[in-house]
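Everything on this sheet refers to the single structure shown next.
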Number of protein chains: 2
Amino acid sequence: MPASPIRKLVPYAEAAKARGVEVIHLNIGQPDIKTPAQALDAVRHHNIEVLEYSRSEGSDTYRSKLAAYYGQHGIALTKEQLLVTTGGSEALSFAMGCVADAGDEIVIPEPFYANYNGFATALGITVVPVVSHIEDNFALPPIEAFEACITDRTRAILLCNPGNPTGYLYTKEEIGKLAELVRRHDLFLIADEVYREFAYDGKTHYSVLQEPDLEQHAIMVDSVSKRYSMCGARIGCIASRNAALMQAALKFAQARLSPPTFALLASEAALDTPNSYFEEVIREYSQRRDLLLEELGRVPGLKVARPQGAFYCMVALPVADADHFAQWLLESFQWEGATVMVAPAAGFYATPGLGMSQVRIAYVLSKEQLRKAVRVLAEALKKYPGNAH
Amino acid sequence: MPASPIRKLVPYAEAAKARGVEVIHLNIGQPDIKTPAQALDAVRHHNIEVLEYSRSEGSDTYRSKLAAYYGQHGIALTKEQLLVTTGGSEALSFAMGCVADAGDEIVIPEPFYANYNGFATALGITVVPVVSHIEDNFALPPIEAFEACITDRTRAILLCNPGNPTGYLYTKEEIGKLAELVRRHDLFLIADEVYREFAYDGKTHYSVLQEPDLEQHAIMVDSVSKRYSMCGARIGCIASRNAALMQAALKFAQARLSPPTFALLASEAALDTPNSYFEEVIREYSQRRDLLLEELGRVPGLKVARPQGAFYCMVALPVADADHFAQWLLESFQWEGATVMVAPAAGFYATPGLGMSQVRIAYVLSKEQLRKAVRVLAEALKKYPGNAH
């Protein structure tokens with residue numbers, strides 16, 4: 001299995017902290033937003049005496065309420081078209097395992113969430129990347145580029161929408177083009193939509209499950225992690241109108257017995273979170289994004305992709321090797337007692353040599369911290385001696 | 001993926017209940033024992049505001065306390081030799097994935113826990129069975145039978161100790177023989193020890209981690225599910241002194257991010273469960289086993305394996321096809337308004353045609369219910385017309 005691009009930096013961050021340096025974490029996708037009180041209270045008030053297995057596919061009541069939630073967001077689903085998973089991670093792993101056998105291929109636009117590689121490797125599936133570019137904010141590559149990758153081992157195209165690490169929000173037209181392609185080649189279209197709520201600039205997320213005539217091809221992966229700032233719950237779901245696919249997913253679900261019971265209590269209660277919670281959260285992230293883009297815009301030599309969703313921003317730095325720069329930031333730099341930890345982007349690319357100067361910044365910190373972090377980054381770029389290393 | 005042997009019967013059980021028939025469930029491994037109050041209260045009193053990811057490998061404090069727990073049970077481990085998983089299921093899946101690639105083989109004495117097949121199939125690993133027999137309570141097959149199965153694709157031998165579905169408790173001598181074999185062929189020895197506490201007749205469980213000179217080969221899989229009647233928590237662990245193996249397991253763990261946070265609170269608190277809890281639980285199971293064996297002993301024509309651990313009992317019935325009998329019990333039989341649901345054992349065998357007349361009985365019910373269940377079974381065997389079907 002491949003190592004995470006961020007994990008390698010953790011010991012350097014720990015050493016910096018041990019030296020008394022403040023490390024501002026721009027590298028992690030753990031929101032600082034409070035979890036809805038409804039969810040936390042439901043667990044506080046549990047009346048469990050025997051902590052039994054739950055149903056492998058999730059309870060009828062939770063799946064029914066979840067279906068109603070999707071219905072309110074323009075995605076018509078029945079509870080039979082939903083299967084509850086242990087996080088979005090497991091949903092992704094099940095989706096890959098259901099559509100592909102060892103030796104099969106899944107096409108993914110790069111850069112992509114590094115753990116896709118981990119799940120594929122565990123299942124013996126080959127990831128085939130199609131390059132998207134920072135210059136056009138990582139929009140969908142031309143459909144011909146996908147077409148050129150398709151072999152008789154190709155089983156699916158996998159998207160993250162909005163994207164981690166890109167922040168790109170795919171348009172209805174882009175999803176439509178992919179839909180036409182997967183129908184024509186009889187492939188699955190798997191969409192990781194865990195950041196669905198996080199769309200800015202008045203834009204609306206368009207789900208693969210909203211695309212017409214895609215019932216047999218579309219698979220949605222979702223999670224409560226980001227929506228309710230409940231990353232530690234480990235509850236997600238897989239949704240599809242393809243009954244055979246859902247049947248296959250159920251077998252994976254039965255093998256691991258059940259999702260975690262306490263987290264199910266929290267997730268079911270979270271569905272009663274008032275809209276005002278989301279409005280506030282979206283406003284906060286939107287303001288953070290605006291501030292981040294404004295601050296980055298003042299730093300010379302950067303190329304910044306404008307994110308329209310999720311809470312990540314890809315930045316090309318004027319450095320030859322962002323991995324080296326990230327390590328140097330932690331090992332050898334501080335400005336007024338602080339440094340920053342960024343996620344080097346090469347690990348988000350499958351093609352060797354791509355994204356070497358790029359980093360991913362997660363804007364899950366307060367505005368003051370974000371402002372300070374960009375200031376630290378700017379000062380570091382002035383001092384960095386490493387381009388010649 | 002293979003279908004579960006029990007799942008097929010569920011609709012028949014539901015139909016029987018809908019007709020007003022009491023279905024006594026001898027088929028499930030969900031204990032009726034209460035979860036320790038310490039564990040449930042820890043979750044009630046949580047003070048979480050942001051439900052964050054936990055550490056992929058589990059917190060230092062939980063792993064340290066867990067190491068101390070194993071130390072008290074004669075298994076010396078450091079926290080670095082422990083990795084926390086989402087249930088024993090995930091620990092098994094990680095263990096298989098760490099030792100074998102797609103196309104590799106793992107040798108398992110049959111009958112075995114049916115989900116081993118599921119995990120192996122998902123990973124593209126081939127399960128190679130070695131037959132054990134009801135006549136000798138499913139003791140370890142001769143070491144020559146294992147030796148005969150080993151090819152250049154064999155990576156590990158996998159045991160369940162004490163066994164699900166067999167209830168067999170492997171002796172120190174048997175583990176020693178396997179240790180010699182895996183050392184000689186440089187294989188891993190994976191032991192699923194989730195029923196460790198449940199050993200009867202004054203016998204003590206002997207772990208693969210207690211076997212000398214097996215540091216590089218032994219992998220233990222464990223779980224809080226049965227120990228604390230916390231099946232719904234979904235917390236387990238993988239333990240090994242092989243540092244490279246633990247490093248590989250960490251990559252699997254990082255890909256799925258983290259185990260569920262609320263369940264970790266419960267599991268850490270459960271380590272403070274007083275010994276009196278276990279003494280009471282073991283006494284209860286031991287009495288149930290004795291009662292079950294006594295009652296089954298009165299039914300003509302049965303062959304019963306005497307379990308010394310876990311809470312399962314394998315029984316050969318005087319029927320040609322236990323699958324058909326189990327379905328008939330639910331569809332067409334009742335005695336004083338009740339019938340029983342058993343787990344047909346053919347699904348626990350990988351070799352086609354084996355175990356056709358066997359069923360697994362879980363003694364996780366009250367003594368009165370167990371007594372009634374055996375009475376129903378005895379009456380059913382008198383009436384069953386199906387041997388000629």
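Just a few scattered comments:
- Condition check for A:Glu144: without any contact (Cβ under 8 Å) to a residue 12 or more places away in the chain, more than 10 Å from chain B (Cβ to nearest Cβ) and surrounded by fewer than 19 Cβ atoms within 10 Å (Cβ to Cβ): yes
- Any hit, region A:91-107, residues being within 14 Å of another protein chain (Cβ to nearest Cβ) and among the hydroxyl-bearing types (Ser, Thr, Tyr): yes
- When B:His133, B:His185, B:His217 are screened for being open to solvent by 10 Å² or more (accessible area, probe 1.4 Å) and in contact with a Phe, Trp or Tyr (Cβ under 6 Å, 6 or more places away or on another chain), only B:His217 passes.
- Being of a type in the set (Ser, Thr, Tyr), at pLDDT 95 or above and either open to solvent by less than 10 Å² (accessible area, probe 1.4 Å) or farther than 25 Å from A:Met246 by Cα (or both) is a property that does not hold for A:Thr204.
- All conditions but one from (1) in contact (Cβ under 8 Å) with a residue 40 or more places away in the chain; (2) surrounded by 21 or more Cβ atoms within 10 Å (Cβ to Cβ); (3) not basic (Lys, Arg) apply to B:Glu197; the one that does not is (2).
- Just one of the listed residues (A:Gly58, A:Gly87, A:Gly74) is buried (at least 19 other Cβ atoms within 10 Å of the Cβ), more than 9 Å from every other protein chain (Cβ to nearest Cβ) and at positive phi, namely A:Gly58.
- Residue check, A:Gly202 within 14 Å of chain B (Cβ to nearest Cβ) and either in contact (Cβ under 8 Å) with a residue 60 or more places away in the chain or within 30 Å of A:Tyr363 (Cβ to Cβ) (or both): no
- Evaluated against (1) open to solvent by 60 Å² or more (accessible area, probe 1.4 Å); (2) within 11 Å of chain A (Cβ to nearest Cβ); (3) touching a helix residue (DSSP H, G or I) at 6+ places or on another chain (Cβ under 8 Å), B:Lys65 falls short on exactly one condition, (2).
- When residues of region B:149-194 are limited to those that are of a type in the set (Phe, Trp, Tyr) and in a loop (DSSP other than H, G, I, E, B), the one farthest from B:Ala218 (Cα to Cα): B:Tyr168
- Test: residue in region B:39-51 that is closer than 16 Å to B:Ala266 by Cα, surrounded by fewer than 18 Cβ atoms within 10 Å (Cβ to Cβ) and of a type in the set (A, V, I, L, M): no
- Taking region A:224-244 as the range and being within 14 Å of chain B (Cβ to nearest Cβ) and open to solvent by 10 Å² or more (accessible area, probe 1.4 Å) as the test, the residues that pass are A:Lys226, A:Ala244.
- Every pair of residues 6+ apart whose Cβ atoms lie under 9 Å, when the first sits in region A:40-53 and is within 7 Å of chain B (Cβ to nearest Cβ) and under 23 Å from B:Gln30 (Cβ atoms) while the second is open to solvent by 60 Å² or more (accessible area, probe 1.4 Å) and among the β-branched types (Val, Ile, Thr): A:Tyr53/B:Ile28
- One residue stands out in region A:151-171 among those that are polar (S, T, N, Q) and open to solvent by less than 30 Å² (accessible area, probe 1.4 Å): the one that is nearest to A:Glu135 (Cα to Cα), namely A:Thr166.
- Total residues in region B:309-334 satisfying the condition of being among the hydrophobic types (A, V, I, L, M, F, W, C) and surrounded by fewer than 18 Cβ atoms within 10 Å (Cβ to Cβ): the figure is 1.
- Matching residues, region B:258-311, being closer than 30 Å to B:Glu49 by Cα and of a type in the set (Asp, Glu): B:Glu268, B:Asp272
- Any chance B:Asp104 is of a type in the set (Asp, Glu), without any contact (Cβ under 8 Å) to a residue 60 or more places away in the chain and crowded, with 17+ Cβ neighbours inside 10 Å: yes
- Qualifying positions in region B:265-308 - of a type in the set (S, T, N, Q), away from chain A (no Cβ under 14 Å) and open to solvent by less than 50 Å² (accessible area, probe 1.4 Å): B:Ser286, B:Gln308
- Top-ranked residue in region B:205-214 [being part of a loop (DSSP other than H, G, I, E, B) and within 18 Å of the chain's Cα centre (by Cα); ranked as farthest from the other protein chains (Cβ to nearest Cβ)]: B:Tyr206
- Unmet requirement for A:Tyr113, which otherwise passes all of (1) within 10 Å of chain B (Cβ to nearest Cβ); (2) open to solvent by 10 Å² or more (accessible area, probe 1.4 Å); (3) in contact with a strand residue (DSSP E or B) (Cβ under 7 Å, 6 or more places away or on another chain): (1)
- Here region B:20-35 is the region considered, the condition is being surrounded by fewer than 20 Cβ atoms within 10 Å (Cβ to Cβ) and within 14 Å of chain A (Cβ to nearest Cβ), and the residue that is farthest from B:Gln369 (Cα to Cα) is B:Lys34.
- So A:Arg183, is it within 24 Å of A:Gly97 (Cβ to Cβ), among the basic types (Lys, Arg) and out of contact with any strand residue (DSSP E or B) (no Cβ under 8 Å at 6 or more places or on another chain): yes
The values are calculated or read from the model by the stated rules, or taken from the named source; none is laboratory data. The structure displayed is predicted, hence computed values, not measured ones. Don't worry about glycine lacking a Cβ; one is built from the backbone with ideal geometry, like all the others, and counts go over all protein chains shown. Only protein heavy atoms, including side chains, enter the accessible area calculation; ligands, DNA and RNA are left aside. Shrake-Rupley method; radii C 1.70, N 1.55, O 1.52, S 1.80 Å.
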